[in-house]
Structure formats: C-alpha cells, structure tokens
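The values are calculated or read from the model by the stated rules, or taken from the named source; none is laboratory data. Keep in mind that this is a model prediction, so the values were computed, not measured. Here the Cβ positions follow ideal geometry from the backbone for every residue, glycine too, while neighbour counts run over all protein chains shown.
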Amino acid sequence: QLSSQLKGARDQRDKELREDTDRTRREGLQSLNAIKKQEENREREIIKHNRELADLAHSMKVDKDLKEKAAKHEMSKSVASSIGLSKGIQKREEANELNEMMRNNKEQHELAAHMRAERDR
C-alpha cells in the first residue's frame, strides 16, 4: 500500500511537472511570438520610414532640379531679353540713320529743285 501511495504521489508529481513544463513552453512560445510580431511591426515601420525618406529625397531632388531649370530659364530669358534689347537699340539706330539719310536726300532734292528754278528764271 505504501508503494502504491508512493507511486500515486510520484505520478501526481510527474503530471504536475508535465503540466508546468507545458504551461512554461506555451508561455515561452507566446512570448516569442509576441516578440516576433513586435520585430515584424518594427521592420514594417522602418521600411515605411525609409520609403518616406526616399520619397522626400526624390521630391527634394526634383524640386532642386526644377529650381535649377527655372534659374537657367530665367537666365536665358534675361539673355534673350538683353539680346532683344540690343537688337532693338540697333534697329532704332538704323532707323534713325535711314531717317537722317532720307531727310538729307529730301533736302538735297529741294535744294536741287530750288537751284533749277533759279537757273530757269
């Protein structure tokens, strides 16, 4: 009877140890799964953050490129404007010269007509 009580106590203790081991294993697995999920979420956040940084860097580069193009465009507009201005000045000078020549020509014609009229009298 003593040996059957010892055997029963031993079986009970083995059962409790198995249950305790199973519970510890389950809790350990749950803890590992929770840690794994946290790491996966962290990785997702890092990837998302890196994408946002890449997008920001790209938009900053695009913005910089656009500003450079705009600056070049403004410079070329200013160069074209100054070329246009100098061409305008040149054309105005040519027109003034032409007007002066026409005035001189008209004066010469008038003078010649006057001299013919004097001669004819």
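Scanning for something modelled with pLDDT under 85 and among the small types (Gly, Ala, Ser), does segment 63-74 turn up at least one residue? Yes - at least one qualifying residue is present in segment 63-74. Filtering Gln12, Gln38, Gln5 for residues that are in a helix (DSSP H, G or I) and exposed (fewer than 10 other Cβ atoms within 10 Å of the Cβ) leaves a single hit, Gln5.
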